[in-house]
1. Which lysines does residue B:315 reach when only Cα atoms under 23 Å apart count, and residues fewer than 8 places away in its own chain are ignored?
2. Using helices alone, I'd like the mean residue ellipticity at 222 nm for chain B: each DSSP H run of four-plus residues gives -39500 (n - 2.57), total over residue count, nearest 500.
3. If the cut-off is 19 Å between C-alpha atoms, which lysines fall inside it for residue B:153, apart from same-chain ones fewer than 8 positions away?
4. Using only alpha carbon pairs under 8 Å that are at least six residues apart, calculate the relative contact order of the stretch B:52-115 and give it in whole percent.
5. Mind checking the full-extension length gain between residue A:29 and residue A:420? Use 0.36 nm per residue of separation minus the Cα-Cα distance, one decimal, nm.
6. Set the Förster distance to 30 Å, then compute FRET efficiency between residue A:238 and residue A:105 from the Cβ-Cβ distance, nearest 0.05.
7. For the protein assembly as shown, just the Cα atoms, rotate onto the principal axes and tell me the three extents in Å, largest first.
8. Carbon and sulfur together cover what percent of the accessible area of the stretch A:102-251 at a 1.4 Å probe radius?
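The values are calculated or read from the model by the stated rules, or taken from the named source; none is laboratory data. All of these numbers come straight from a predicted model, not from anything done at the bench. Reconstructed Cβ throughout: ideal geometry from the backbone, glycine too, with neighbour counts over all protein chains shown. Note: accessible area is taken over every heavy atom of the protein model, side chains too, but ligands, DNA and RNA are not part of it. Shrake-Rupley method; radii C 1.70, N 1.55, O 1.52, S 1.80 Å.
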Protein chains: 2
Amino acid sequence: MRLAPLVLALAVACPSLSHAAQPAATGLSAQSLDAAAQLREQALADDTGWKVVESLTTEIGPRMAGSEADPKAVAWAQAKFKALGFDKVWTEPVTFPKWQRRSEHAAVLGEHAQPLTLTALGGSPAGNVQGEVVRFADLAALEAAPEGSLKGKIAFVDYQMVAARDGRDYGNGSRIRSRGPSAAIRKGAIGYLMRSAGTDSHRVAHTGITRFDEGLTPVPSAALSVPDANQLARLLALGKPVRVQLDLDCGWDGTATSYNVIGEITGSSLPDEVVVIGGHLDSWDQGTGAIDDGAGVGITMAAGHLIGQLKHAPKRSIRVIAFANEEQGLYGGKAYAEAHKDQVRLHQIGAESDFGAGRIYAFNTGSPAAEASRAATAKIAEVLAPLGIEYAPDKGGPGPDIGPSAAHGMAWAWLAQDGTDYFNLHHTPDDTLDKIDPKALAQNVAAYAVFAYLAADADGSFGSEKKEVTPPSE
Amino acid sequence: MRLAPLVLALAVACPSLSHAAQPAATGLSAQSLDAAAQLREQALADDTGWKVVESLTTEIGPRMAGSEADPKAVAWAQAKFKALGFDKVWTEPVTFPKWQRRSEHAAVLGEHAQPLTLTALGGSPAGNVQGEVVRFADLAALEAAPEGSLKGKIAFVDYQMVAARDGRDYGNGSRIRSRGPSAAIRKGAIGYLMRSAGTDSHRVAHTGITRFDEGLTPVPSAALSVPDANQLARLLALGKPVRVQLDLDCGWDGTATSYNVIGEITGSSLPDEVVVIGGHLDSWDQGTGAIDDGAGVGITMAAGHLIGQLKHAPKRSIRVIAFANEEQGLYGGKAYAEAHKDQVRLHQIGAESDFGAGRIYAFNTGSPAAEASRAATAKIAEVLAPLGIEYAPDKGGPGPDIGPSAAHGMAWAWLAQDGTDYFNLHHTPDDTLDKIDPKALAQNVAAYAVFAYLAADADGSFGSEKKEVTPPSE
């Protein structure tokens, strides 16, 4: 009975230690909750998020990491943070190998000659190969093919991704993209084709990073649009050999340096502690990166901006990060985690918006020591409830660029977006501004503003605690 | 009172004269109507139409007039007619100028540099031009621009087509495509861009034939995808000059000869008289020509096939035509009209299916002397009614390739398809098999089978009557 007041006193005196052995429950004041509810309504009526996405996708457009547009995007983000009233704006360097796409063509040869719409997978080498196509229903079927059975042939993994609100089938789609080429090479293949990891029915192929296992010689690897995969499957079903010519001009070319661009709204009483929110600034090259991830940049910049406009700043600072090169291996998120690994306990919590622009439907937080903040998380969820968001205890996890920091012990928040349509557009030329519903975007801004404000103004932590980690996987 | 029996006697003795000064009403026997109703139900349960479209779009794929795939499509159509049991199969030559598309690229230059997705308009010359873009809301605005005001510039007509069941706004879209380039050249433009004549929101541009008025030097002319037109309009709205580089490699190259491919089901008592139905065999090059016009070929081949399977053939023959090169100027339809202009009265009636694969919702017929067949048309509509088709007196007109024959006096039927979604796909890479609903296609087959059977088995004509004509416009 005597211990509790002592812990409480410690917690008040040293909030950053409040996650110690027997922490007090993290608190949210009535005043803070009221302010958050007002902020929510204000954000719903505000179009800052939309304007930011419009500006980025229009004025910069595609901005693949290492491309000519990459530094333009970095300059744009710095200027936008400043224009939106962020107190501090800076950049942190991120270096990575540079991959370039120059041209890509493919065609069925022979009796049924016709072109195929496809796109090189990120990381594919250049090459001009011609061979008979061998179809596999999924990755397991390719992996089960006899050794050497694809010698001189082109593997085709024909798995159709299924749409779901939580996008869970992207597990299959992204595995086929990342592991398929190496599996095909092991069987002797000279080229790799996959049905796009997508749920649309348009002649736009879905790119995305692939990798080749060490010791293998990479082969040209590409994704067919869904209608083209259907067409190739139908041609194969005719029962005669189908030969395809695959011509890719693309490949790795040295390294490039880009930047995580960071804007901060300074906290009132604990300015060195930060709530991190963000999206990634880079995009793939064929769309204009609207849902992936102009939306995340716009949502979190707008949320930070709206908090910055309040009369009374929350206790802690709001740090908005536009991460560099997420697409090719979380380079920005890894660089941030590495640069800030000794400041884990100064990071109250972090969340990335990187699953499109659909409405948020669920919320949760997590950390190495989450117990004390469970009630606060539920309270935040109550303020989010009018947005159609439910509290989902024990669900979720950190967004991609938050992952490396979470691996170091940083608490994370999960604001789950409806991704039913996400893989209609993801990594395709169709990822353009017109696909975003401004009202859904404003709902996202409202949710991020509420969450970030309350987390920043809380009495006590969400359980960030430094831990030793094995390097996060890509 | 004595005249009527005489006319009736003449009509019975000489059916092809039954449209004379005071013709008897065209009749449909109860037996014929019963057979048509049975045919309708049989067609709804039959997948021949689907299989024909699947075969054409898969085995041949894109088949632009004059391309390497064109003779393959001709051979395919002959073989398919034979396989479907048509009694007579033949070809009639169609010669036309050959246009080729090789490559097409465009990009915004300068501060907001980014690529644009577009496609050359059919008939565009090759060229590499660079200039400031001047936007016009519609064709009238371009035509109203001061003389010389576009010197060294690129015109951009930014009209957004509106979707409608009857596709009526294609009037605007196709005018902007056919007349816009000449209007731009008259003002001094070095290049022409238009927002695609389309109602979708995908990164697929809508091609289609254009032409240049005599005495003008053609300039590179292309259509931007709808999202790219949005993007260009937003960039222009920033208020600074926008320069675009337009690189098209395409153009005319001599002439080519293709063929109208014709299959006939022989009539029982008036085999020299024919009901013509058909679609066009050619397609644009970027899709696989599923809705434009694999569907029309499949619907009418299947309708002819099903009539050919009946125990009792209708009186007249069913002639199914897969027209050559509709897309670049109705060459197949014009060649047919010219070759058969002295047989107008042997043509009972004609109809082309060339508005996609949506359900038919209305029916009508017309001719130079339609009065006597009004009641028969209404009777046919009654048999069509269970398909959700209504009789629409005084509406409609001949399909594109029927137009030139109708201009010579051939009666036409109008089976109006729901085209609400048609201009989402029309003339784009997205015109692929997966866009066709097999049930809607079967409804079309049922309607064509009913109409063709009853028109072929009618007592009396639909008013075909040779007339002197001015050449039909394209």
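1. Residue B:315 reaches B:82, B:88, B:341, B:379, B:466.
2. Working: 13 runs with 146 residues, N = 474.
Helix contribution divided over all residues of chain B: -9500 deg cm²/dmol.
3. Answer for residue B:153, where 19 Å is the Cα cut-off: B:187, B:240, listed by chain and number.
4. 21
5. Working: separation 391, 0.36 × 391 = 140.76 nm, distance 3.62 nm.
Here the segment from residue A:29 to residue A:420 would lengthen by 137.1 nm.
6. Numbers: r = 23 Å, r/R0 = 0.77.
The pair residue A:238/residue A:105 has a calculated efficiency of 0.85.
7. Taking max minus min along each principal axis of the Cα atoms, the protein assembly as shown gives 122, 67, 58 Å.
8. On the way: 2790 of 5560 Å².
Roughly 50 percent of what the probe reaches on the stretch A:102-251 is carbon or sulfur.
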